[in-house]
Amino acid sequence: MLKAALATLLCLGLLSACDDTDSSARPERGSPPSLVQDLAWAPVVLADRCPPVHQRLSFPPAGKLPHGAILVRLCNGRSTPSLGEGYRYDVPEDVLSSDVDSLIDQVNRLEPPPPPPSGQRVYCADDGGTAINLWFAYPDGTAAAVSWRPFGCRLLQVGPDRAVEGGRDLLAAFGHALATQRQESHAIPSSPRPPHCSSEPQPRSPLGYQDLGDLSHVRLCASLDHLWREADVPARLVGRINHEIAGGQRGHGCVGHGAVSLSAMTRNGDHVVFFGTRHCGWTLPVMPDTGEPWPSWRPSKSLARALDRLPLRQP
């Protein structure tokens, strides 16, 4: 519905991109449109997909977002050079199109970190990661982006020379707003993807478990004798997992990134991974840079036994 409305705006000439006599505003066939050079395409492009990771960011003027954006899309940004292509998040397929101005107000209220005392320097953590970009599209064909780096100094870039604190809170606000929109629209992904097991780090949603909704498909993954084995978790057990996560006890002990995991898809199409053991507990999906140990869910003894009895097979 949103993409259709945007396409209608385009062809009415409001975004001046449907005039057959003017091809300068359209990308060449076979090449992705540039959201910087071809901003008239930005709303339609962002309603459908993220721009390429290497797309140059178009920051808002003076680091302040104007009101009136029609949608926000969460996308992967660039990774630190040490990671090469780097880790990629499994970003939501849907966009936030309701109450966008509230998110804009939150961005515009953020302030830079306080300057260091005279004669001292600021040192950031020497870690790496992948940036998380929020793209805002406007009905006049323009687009602007802000970029949070959950590594280093953990700052949100809102301009070429302006970085502010509060990126994690902004991501949390986006997740809460998207969860509310999903509940109200009851939208279901058109092509849900099955979960899979892999020895490589799996892309996971950058949103916290409290905003992801119930699981729909779960696969148990285990490494036995350096070979991966897997088992599909039956729907009745998936229902029990959802019930226990919603009302279960939380903890931080005895859970590690071992050779056993639950790879799952939510009903909204988000990919999540639970690490841990069936008897000790599973780490719950959390947003990046929590600053705390990951919370865990400890399954009941009967559910743990049921997971133990699942027949494993080689993928």
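The values are calculated or read from the model by the stated rules, or taken from the named source; none is laboratory data. Computed from a prediction, not measured in an experiment: that's the story for all the values here. Every residue, glycine among them, receives a Cβ derived from its backbone with ideal geometry; neighbour counts consider all protein chains shown.
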Checklist entry - Quick check, is C153 outside the structural domain of T283 (by TED's automatic domain parsing) and outside any helix (DSSP H, G or I)? => result yes
Next on the checklist: Restricting to the stretch 87-126, give me the number of residues that are within 20 Å of the chain's Cα centre (by Cα) and in a loop (DSSP other than H, G, I, E, B).
Outcome noted: 12
Checklist entry - V91 versus (1) modelled with pLDDT under 85; (2) touching a Pro at 6+ places or on another chain (Cβ under 8 Å); (3) aliphatic (A, V, I, L, M): which is the lone unmet condition? => result (1)
Item to check | Residues located in the stretch 204-237, provided they are surrounded by 15 or more Cβ atoms within 10 Å (Cβ to Cβ), more than 30 Å from A177 (Cβ to Cβ) and among the acidic types (D, E) | outcome: E230, D232
Checklist entry - Considering only the stretch 32-73, how many residues are of a type in the set (D, E, K, R), part of a loop (DSSP other than H, G, I, E, B) and either closer than 19 Å to V91 by Cα or modelled with pLDDT under 85 (or both)? => result 3
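Answer yes if at least one residue in the stretch 251-260 is at pLDDT 90 or above and outside any strand (DSSP E or B), and no otherwise. Steps first, please.
Taking the stretch 251-260 and keeping what is at pLDDT 90 or above, we get none.
No, because not a single residue in the stretch 251-260 is at pLDDT 90 or above and outside any strand (DSSP E or B).
Condition check ((1) modelled with pLDDT of 90 or more; (2) in a helix (DSSP H, G or I); (3) touching a helix residue (DSSP H, G or I) at 6+ places or on another chain (Cβ under 7 Å)) across all residues:
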site	(1), (2), (3)
T180	yes, yes, no
Q183	no, yes, no
P189	no, no, no
P192	no, no, no
Q202	no, no, no
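When you look at G84, is it among the small types (G, A, S), more than 15 Å from the chain's Cα centre (by Cα) and at pLDDT 85 or above, yes or no?
no
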Item to check | Flag if S263 is crowded, with 17+ Cβ neighbours inside 10 Å, in a strand (DSSP E or B) and at pLDDT 80 or above | outcome: yes
Item to check | Residue check, P285 touching a helix residue (DSSP H, G or I) at 6+ places or on another chain (Cβ under 8 Å), surrounded by 12 or more Cβ atoms within 10 Å (Cβ to Cβ), modelled with pLDDT of 75 or more and not assigned by TED's automatic domain parsing to the domain that holds R73 | outcome: no
